[in-house]
Amino acid sequence: MHKQSILFFLGLIFFSFVNAQQQEVLLTIDDSPVYISEFKKVYLKNIDLVQDDAQKNVDEYLNLFINYKLKLKEAKTLGLDKKTSYQDELKGYKKQLAAGYLTDTRTSEALIKEAYDRSLERVNASHILVFVKPNAPAQDTALAYQKISEAREKILKGEKFEEIAKQYSQDPSVVKNAGSLGWFSVFRMVYPFEDAAYNTKVNEVSNPFRTKFGYHIVKVNQREKKLGEVTVAHIMVAVNDTRTTEDAKQKIFEINQQLQQGVSFASLAKEYSDDPSTAIDGGKIKRFAQGVLNSERFEKAAFALQKPGELSSPIATKYGWHIIKLLEKHPQKSFEEQKKEFTDKVKKDSRSKLVTASFINSLKKKYAISKNEEAIAYFKKITSKENPTKELNTLRSELDKVLFKINEKPYLYKDFTAVILPQMLKFQEQKLPPSFIDQMYDRFESTSLLRYYEEHLEQDNEDFANVMNEYRDGLLLFDLMETKIWNASKTDTVGLKNFYESKKNNYTQQETYKVIKASSAKREAIDKVAQLLKQEKSIEEIKKEVNQRDLVVVIFSEEELIKGEDELPKDFLTQKGDITIVEEDTYTTLIKVKEILPSRIKNFEEVKGEVINDFQQNLEAEWLDNLKSKYPVKVNNKALKKIKKELSI
């Protein structure tokens, strides 16, 4: 079992302690009280998540709850919460979980929705770039801005964008494309560029804007809605170790002939498609957009189909041969359907800096932090000298001054000095520009705020504290189950096999029928096959009689059907040599029983996984009985009756 499974279970029964001493006791475990409020809260919180109706019963749910608390009691008795591995994993999870709380949710939501809206269309644009470094001196920045503005003015006065691009743009590709970027959509460009492109009308030129590369202007040439999604079904004949490409091609063309004769697509997919995940559903594939499947050729053929029911010609991919049927065309997925995907992309994209900046500003307000202009001026004065590193290293009296406080925690001049010194060494004792201190101060302040907030998350955020408590207990439960149950089933090979021997009548395979199948759209062809089979003709002889001149009228196969596992046709005849004929839509299938394998007990290796699972359940049941003896459980029936009444059970 995985930790995720344990955590899911924990999610069903996790509770919060609420004024425990003042609450009515529902039960005691080893004389430790469990209160009504605890059980009631978890029951109401999780009842909709429970799929087993039996577990919605208060008595059944209470039993699960007691078992969980017994295990947790045992884990703490064994000191599993003191293990180094447990503590380390908990720290790692806390760090990972905290990341989701170190953000401005409102700003993030707005950017996610904006990205989705932009994903519904694509833009064709051209641009002009004038290089300027992010930390360039003010003079260089002004010159770059002046140059890009000059280029824009010329275009607005009627000069061709392409010609001005060749004169002004410093993008190396301009000599080949005259500034054209072609088609793009959301997340394909740095965010400021994307923002300008999507906010500029067709045939208009944007105002100058800056990215990490320099100043740009962008002209939008075209804009169009993107394609949505399609739902298709397919029949696949795979190329594998037992079937060559040529064999697969021949088989798909035989199937295609059957389709042309009016045979149901779904019936043929169920009978002959080598894609087991879709064959059972008549070949239907989950709806998809362009670029999702790992086969451009398949996608192109699927999107080329226009009307529901339309079939493609047989096409080859790296997986084999396919025939595709269009079931439905869909517009773009809804925002809710794609929200998670866009959330992940926004986090990785440069626009995430906007979210971080917004969150930092909220923390400044929360902790009433204002910029220490006196300190900034002090450090600028030092770093403007000829040998700033030496000057900084000789400071003594000023270093214990407070730079700022977060709540009551002081951050000193010397803390800031320790951060900026390594960066100053990179300048090799040169004077530093004033912007250096501004940038380093902002970085130090932001880092300090984020770190402080993260360290105090459990005190500041109830939701975070609850999730952490849930994980603490879930991790303990996982370690306990691994030690007591799962590892035991792996190492106790003798016990496992003895368990199998004592229960092996539970692991039986029912009677199995080896059959010959013949399928066709023509009932008379199947009747002829039945007649020839009764004459004990071989399959090869029958094929020659019913499939003539390369026209495949009947498709043959050999299979095994297991009683109780495979769906057998209604009125299926089960004696050796019996023939059953099944009609479905416009398709007829003949099934002849070639051989009957009697029911048998499956050997240990065949059912090892199933045996391990049963063995674990048996071990757990016995172990829980021991825990109930070790930690006596006493239920307050009066309190239980009260809960049932309140919950209307």
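The values are calculated or read from the model by the stated rules, or taken from the named source; none is laboratory data. Only a predicted model underlies this, so the values are computations on that prediction, with no experimental measurement involved. Counting neighbours? That spans all protein chains shown, and the Cβs are built from the backbone with ideal geometry, glycine included. With ligands, DNA and RNA removed, areas are computed over all heavy atoms of the protein, side chains included. Shrake-Rupley method; radii C 1.70, N 1.55, O 1.52, S 1.80 Å.
Quick notes
- Whether region 69-142 is rounded, prolate or oblate, judged on the alpha carbon gyration tensor where a/c under 1.5 counts as rounded: prolate
- Two-site label geometry, residue 443 and residue 207: point separation in nm, points 7 Å out along Cα→Cβ: 3.0
- Residue 173-residue 458 FRET efficiency (beta carbon distance; Förster radius 41 Å; 0.05 resolution): 0.20
- Mean separation of Cα contacts under 8 Å (6+ apart) over length of region 280-381, as relative contact order %: 14
- Computed over the chain, relative contact order equals 16 percent, with contacts defined as Cα pairs under 8 Å that lie 6+ residues apart.
- Length added when fully stretched, residue 514-residue 85, from 0.36 nm per residue minus Cα-Cα: 149.1 nm
- Lysines whose Cα lies under 23 Å from that of residue 365, excluding same-chain neighbours fewer than 8 positions away: 353, 401, 405, 409
- Cα gyration tensor shape for region 124-163, rounded if a/c is under 1.5, else prolate or oblate: oblate
- Within the accessible area of the chain (1.4 Å probe), percent carbon and sulfur: 48
- Euclidean distance between Cα centres, region 569-633 to region 508-546, Å: 28
- Under the criterion of Cα pairs below 8 Å and six or more residues apart, the relative contact order for region 321-431 equals 22 percent.
- Between the beta carbons of residue 408 and residue 597, assuming R0 = 51 Å, the FRET efficiency works out to 0.05 to the nearest 0.05.
- Positive-end residue of 346, 230, 263, charge dipole of the chain with Cβ unit charges: 346
- Total formal charge among the other residues, if their Cβ is under 13 angstrom from that of residue 94, Lys/Arg +1 and Asp/Glu -1: -3
- Per residue value of the accessible surface for region 526-613 (all protein chains in place, 1.4 Å probe), Å²: 66
- Within straight-line cross-link reach of residue 503, aspartates and glutamates at Cα separation under 13 Å, skipping those fewer than 8 residues along the same chain: 610, 614
- Nearest-10 value in Å² for the accessible area of residue 400, using the 1.4 Å probe: 100
- Using the Cβ of residue 413 as centre and a radius below 9 Å, the other residues enclosed give a net charge of -1, where K and R count +1 and D and E count -1.
- Residue 223-residue 490 pseudo-label distance in nm [points 7 Å out on the Cα-to-Cβ vector]: 5.7
- Inter-part distance where region 239-316 and region 331-384 are each reduced to a Cα centre, Å: 49
- Answer label, with mean projected area of the Cα convex hull in nm² calculated from the coordinates and candidates [x] 26.6; [y] 45.5; [z] 39.0: [y]
- Sorted peptide list for 369-378, 414-423, criterion being average Cβ within 10 angstrom, highest first: 414-423, 369-378
- Nearest-0.05 FRET efficiency for residue 562 and residue 613, computed from C-beta distance (R0 25 Å): 0.75
- Helix 105-119 vs. the chain, principal-axis angle (Cα, 0 to 90°, nearest 10): 60
- Our Cα-only numbers for region 373-512 put the radius of gyration and Dmax at 30.4, 94 Å.
- Descending by average beta-carbon neighbour count within 10 Å, the peptides 564-572, 601-609, 192-200 line up as 192-200, 601-609, 564-572, the highest first.
- Fully extended contour minus Cα-Cα distance, from residue 162 to residue 398, at 0.36 nm per residue: 79.1 nm
- With K and R counted +1 and D and E -1, the other residues having a Cβ less than 10 Å from that of residue 185 yield a net charge of +2.
- Close amide H partners of residue 404, meaning residues 5 or more places away or on another chain with modelled amide H under 5 Å apart, are 411.
- From the alpha carbon centroid of region 143-163 to that of region 428-479 is 45 Å.
- Partner aspartates and glutamates whose Cα lies under 17 Å from the Cα of residue 212, excluding those fewer than 8 positions away in the same chain, are identified as 140, 171, 194, 195, 349.
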